[in-house]
1. Of everything in segment 265-281, what is within 12 Å of Thr246 (Cα to Cα) and β-branched (Val, Ile, Thr)? Give them in sequence order.
2. For segment 186-207, enumerate the residues that are over 22 Å from Ser42 (Cβ atoms) and of a type outside the set (Ser, Thr, Tyr).
3. Is segment 7-29 home to any residue that is surrounded by fewer than 15 Cβ atoms within 10 Å (Cβ to Cβ), within 24 Å of the chain's Cα centre (by Cα) and at pLDDT 60 or above?
4. Quick one: which residue in Val158, Val152, Val181, Val145 is of a type in the set (Val, Ile, Thr), free of Cβ contacts under 8 Å to residues at least 60 places away in the same chain and surrounded by 15 or more Cβ atoms within 10 Å (Cβ to Cβ)?
5. Ala54: surrounded by fewer than 12 Cβ atoms within 10 Å (Cβ to Cβ) and either at pLDDT 75 or above or more than 23 Å from the chain's Cα centre (by Cα) (or both), yes or no?
6. Return only the number of the condition from (1) part of a helix (DSSP H, G or I); (2) out of contact with any Phe, Trp or Tyr (no Cβ under 8 Å at 6 or more places or on another chain) that Arg273 does not satisfy.
7. Kindly indicate which of Leu259, Leu224, Leu304, Leu268 is touching a helix residue (DSSP H, G or I) at 6+ places or on another chain (Cβ under 6 Å) and more than 23 Å from Thr190 (Cα to Cα).
8. Given the structure, is Ser213 at pLDDT 90 or above and not basic (Lys, Arg)?
Amino acid sequence: MTGYRFLVPRLAVLALLLAAPAAAQGRFTNARTETRAAGERSGAIAREVQAAAARGGAAWIGYRVAMVAGPRHMCCYDYAPDARDTGCCGTCRLENGSGITMTNQLQSRDGTRISLEPPTEFLILARVENSRVMRLRTFTPDCDVDAGGMPVVWLTDVRAEDSVAWLSSLVNGAGADREQVNRVADPALTALSLHSAPSALTALIQFARDSASTRVRGQALFWLAQRAGEQAASTITNAITNDPDTEVKKKAVFALSQLPRDEGVPKLIEVARTNRNPEVRKQAYFWLGQTHDPRAVAFFEEILKK
């Protein structure tokens, strides 16, 4: 009896130890998994990516970092349903799936899975092939993902600052290659916007102001609007005034419409009233009309009575 009493706690501890790495990796199946410690060194993610690439063949490298607060479920919008699925939250295909959907729904439609608390971290996965990152994907840990039998290298102890630096290097390295922009740079900007680390917001602001790519500047402005805040708003309004590209200015106007209403509506009215570019003013009129805000109605009334 004495041996039996100690056996159960020991088994329980063993189960917890075995479950901990799996929980850190999210809800992944059909993966040939290897775990490596990134450590506290600067540039650890880049070195691990290079090491995985040097082995030859294709592999995924993943890690998790702290996420900005808020209810958020991030998974595929073209999931692979199973026999029990009723229209939501099936298994996402890591290899062959396409984009990511981001919702604030923390319960599956059939009620079989309910998250009592929103995720506080998210997963970043990079597909490495031919010594280059070919794709980047993001998920919340509650997303079921089928790795398709691929090798998956999980990095532990990743520093947020290292993640921000590495993601920024992916954005800078994409250049004008459309495939790299769509499959690597754009998701990297999304991942930066989800980081809770202050340096991620700084990186987005820098991309919005200084990137040579009009697409990167526009995308960075969009994600800045989702983060809001005084620093983000000033970067958006600065782009409307000073960016040399009209398309980026128009995206910045849209970004204003994504700010909290008490902040965005007055700024949209100001742009519609004073901006010299007719295309920019037209965008401001359009997005003001979508707000259904009494201040926008009063502004339109003022303009039409002149």
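1. Val280, the sole residue that qualifies.
2. Those that are over 22 Å from Ser42 (Cβ atoms) and of a type outside the set (Ser, Thr, Tyr): Asp186, Pro187.
3. yes
4. Just a single option satisfies the conditions, and that option is Val181.
5. When the stated conditions are applied, Ala54 passes them.
6. (2)
7. Leu268
8. Criteria met by Ser213.
The values are calculated or read from the model by the stated rules, or taken from the named source; none is laboratory data. Since this is a predicted model, take the numbers as computed values, not measurements. For neighbour counting, all protein chains shown are included, and Cβ atoms are generated from backbone atoms with ideal geometry for every residue, glycine included.
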